[in-house]
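Some notes on the structure that comes next.
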Amino acid sequence: MGTCRCDIGFRGDLCTERYVIRGTVDAKGISTCEKNYRGVLCNEKVCPNDCSDNGICLGGVCGCKPGYEGFDCSIKSCRNLCNGHGNCKNAEC
């Protein structure tokens, strides 16, 4: 008799046990992730404000697209950072 190789999110000899890493699974097999986590196993960290649609979330940290900055990529940045000779406010030097 062979051995089962379970899909992600299932375990046990017959792959009938549903599980998550950061959350809970109810009697019906429905998972609820802890706050700030998502994904099939509830192991993907959520980024602040989903990077405001101006960046990519990697491990809970935003990588902002060019022209944006801040922990959640919500701040428009100035071109060339005002060449080091001014302050950036609302994307203007």
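The values are calculated or read from the model by the stated rules, or taken from the named source; none is laboratory data. Values in this document were obtained by computation on a predicted structure and should not be read as measured data. Backbone-built Cβ (ideal geometry, glycine too); neighbour counts: all protein chains shown.
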Any idea which residue in region 1-33 is nearest to residue 75 (Cα to Cα), counting only those that are of a type in the set (D, E, K, R) and surrounded by 13 or more Cβ atoms within 10 Å (Cβ to Cβ)?
22
In region 26-45, what residues are modelled with pLDDT under 95 and β-branched (Val, Ile, Thr)?
30, 40
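Among the residues of region 52-67, write down those that are within 30 Å of residue 18 (Cβ to Cβ) and either without any contact (Cβ under 8 Å) to a residue 24 or more places away in the chain or crowded, with 17+ Cβ neighbours inside 10 Å (or both).
Residues of region 52-67 that are within 30 Å of residue 18 (Cβ to Cβ), as a first pass: 56-61.
Within region 52-67, 56, 57, 58, 59, 61 meet the criteria.
Just a yes or no: is a residue in region 37-50 among the basic types (Lys, Arg) and surrounded by 12 or more Cβ atoms within 10 Å (Cβ to Cβ)? Please lay out each step first, then the result.
First, pick out the residues of region 37-50 that are among the basic types (Lys, Arg): 38, 45.
Checking the rest, the ones that are also surrounded by 12 or more Cβ atoms within 10 Å (Cβ to Cβ) come to 38, 45.
Checked against the condition, which is being among the basic types (Lys, Arg) and surrounded by 12 or more Cβ atoms within 10 Å (Cβ to Cβ), region 37-50 yields at least one hit.
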